[in-house]
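Participant: Following this message is one structure expressed as structure tokens.
Throughout, read-outs are computed from the coordinates displayed, never taken from laboratory work. Keep in mind that this is a model prediction, so the values were computed, not measured. Glycine gets a Cβ as well: all are built from the backbone with ideal geometry, and neighbour counts include every protein chain shown.
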Amino acid sequence: MTKPDLGVTIGSMAMKNPVMIASGIFGYGDEFAGLADYGELGALVLKTITREPRQGNPPAHRTVETPAGMVNAIGLENVGLDAFLRDKLPAALAHGTNVVASIAGDTPEGFAECARSLDGTDVAAIEINISCPNVKKGGMAFGVDAEASAEVTAAVRAATKKPIIPKLTPNVTDIASVAQACERAGADAISLTNTFSAMVIDVEGRRPLLAAGTGGLSGPAIRPAAVYRVHQVAQAVEVPVVGMGGIWNANDALEFIIAGASAVAVGTALYADPAAGNRIVAGIREYLQRHGIRQVSDLVGSIQL
Ligand SMILES: Cc1cc2nc3c(=O)[nH]c(=O)nc-3n(C[C@H](O)[C@H](O)[C@H](O)COP(=O)(O)O)c2cc1C
């Protein structure tokens with residue numbers, strides 16, 4: 001069989017394969033420079049930025065390892081929009097693949113301001129982070145409410161022609177209705193999931209281990225729960241879905257694709273293996289060849305129920 005076609009499209013963003021890096025793990029790309037060929041991947045989603053720089057939560061502790069995962073409460077530490085455009089974006093673009101900027105704000109207009117400034121740049125798409133569990137204002141406060149999620153999406157839609165991808169929180173009763181509200185407000189794709197709200201307690205001190213008190217659980221521990229939500233959302237919307245949550249290898253990525261994701265993102269796994277994304281691309285190609293499937297898009301949502 002000729003080489004299978006791994007290409008997928010998310011809005012107007014054409015990707016050479018469906019594997020992305022998830023926001024926040026990779027910084028702006030510079031922290032992982034030289035550890036793998038990130039240009040081989042479909043897209044790189046950079047750390048969420050806000051209009052003004054943020055310090056994030058106190059460093060002790062921002063992360064805790066847990067069984068098959070980790071809980072983090074970074075608190076959206078970031079360099080701010082201006083430094084991002086000046087110092088970070090050019091190096092990220094030099095990887096030679098799609099760069100997706102991730103944005104957040106305290107108000108819909110805060111998100112829109114970031115989107116407007118990104119409109120004239122070479123970013124391929126904009127992810128809208130309405131799902132961060134680790135900030136007091138904004139973040140998940142939007143994502144837990146379908147109407148507020150739609151309001152942010154509409155504000156960003158009005159500010160940019162780039163493809164926009166609201167990123168959803170799993171910490172809701174009905175994630176499909178949030179996805180549908182975002183789709184109606186102009187989303188080109190939906191990504192999910194962000195982390196699951198979580199807490200770890202130091203029993204000797206009887207205090208939370210994280211400085212912020214609570215955080216978000218990621219890694220293999222959340223994978224089946226994330227696959228289920230991706231499946232629910234893929235059945236509820238017409239736009240493409242980007243699936244993530246505990247993807248460690250090609251088999252995990254294929255679960256999300258078969259559940260309905262057009263693309264997948266790899267996050268926590270990069271701490272264990274910075275080349276996890278590259279490994280997963282190779283594994284998906286091998287699977288398609290072995291099953292005689294010509295293009296990865298034929299596999300999307302192919303689950304037999
Ligand atoms: C340390 C850390 C920082 C993160 N920062 C962000 C962020 O800035 N923006 C965002 O949308 N998601 C952020 N996430 C969530 C991931 O992008 C991803 O949605 C989540 O971790 C589930 O995928 P995974 O299990 O493969 O890591 C972060 C996750 C971790 C572990």
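Participant: Pick out, from 89, 6, 20, the residue whose Cα sits farthest towards the positive end of the charge dipole of segment 1-119, with +1 on the Cβ of Lys and Arg and -1 on the Cβ of Asp and Glu.
Facilitator: 6
Participant: Based on Cβ point charges of +1 for Lys and Arg and -1 for Asp and Glu, what charge dipole magnitude is obtained for segment 15-164 about its Cα centre, in debye rounded to the nearest 20?
Facilitator: The calculation lands at about 80 debye.
Participant: Work from the charge dipole of segment 119-265 (Cβ charges, +1 for Lys and Arg, -1 for Asp and Glu, about the Cα centre) and give the residue of 259, 237, 153 farthest towards its positive end.
Facilitator: 153
Participant: Beta carbons within 10 angstrom, averaged per residue: use that to sort the peptides 35-42, 71-78, highest first.
Facilitator: In descending order of packing, they fall as 71-78, 35-42.
Participant: At 0.36 nm per residue, minus the direct Cα-Cα distance, what do residue 60 and residue 83 gain on full extension? Give it in nm, one decimal, please. Before the final figure, lay out the partial values.
Facilitator: On the way: separation 23, 0.36 × 23 = 8.28 nm, distance 2.57 nm.
Stretched out fully, the residue 60 to residue 83 stretch lengthens by 5.7 nm.
Participant: Over the Cα atoms of the chain, what radius of gyration and what Dmax do you get, in Å?
Facilitator: Considering the chain through its Cα atoms, Rg and Dmax are 17.9, 61 Å.
Participant: Additional query: What is the Cα centroid distance between segment 196-235 and segment 54-109, reported in whole angstrom?
Facilitator: First find each Cα centre; the distance between them is then 18 Å.
Participant: For segment 142-273, take the convex hull of the Cα atoms, compute a quarter of its surface area, and give me that in nm², please.
Facilitator: 9.3 nm²
Participant: Follow-up. Can you sort 3, 16 by how many other beta carbons sit within 10 Å, fewest first? Mind dumping the intermediate values first?
Facilitator: On the way: 3 9, 16 17.
By the 10 Å Cβ count, ascending, the order reads 3, 16.
Participant: Take every DSSP beta bridge with both residues inside the chain and express the antiparallel ones as a percent of the total, to the nearest 5.
Facilitator: Antiparallel bridges: around 40 percent, rounded to the nearest 5.
Participant: Given the Cα-Cα distance of residue 225 and residue 91 and 0.36 nm per residue of separation, how much length would full extension add, in nm? It would help to have the intermediate numbers written out before the result.
Facilitator: Numbers: separation 134, 0.36 × 134 = 48.24 nm, distance 3.48 nm.
The residue 225-residue 91 span can extend by a further 44.8 nm.
Participant: Using a simple charge model, +1 on the beta-carbon of Lys and Arg, -1 on the beta-carbon of Asp and Glu, nothing else, what dipole does the chain show about its Cα centre, in debye to the nearest 20?
Facilitator: Around 140 debye, computed over the chain.
Participant: Treating the beta-carbon of each Lys and Arg as +1 and of each Asp and Glu as -1, no other charges, what is the dipole magnitude of segment 153-228 about its Cα centre, to the nearest 20 debye?
Facilitator: The dipole magnitude comes to about 260 debye.
Participant: Same structure, new question: For residue 298 and residue 107, calculate 0.36 nm times their separation in residues minus their Cα-Cα distance, and state this gained length in nm to one decimal.
Facilitator: 64.8 nm
Participant: Going through the DSSP H helices of the chain, which span 18 Å or more along their own axis at the Cα atoms while scoring at least 0.5 as a mean Kyte-Doolittle hydropathy?
Facilitator: In the chain, the long hydrophobic H runs are 146-159.
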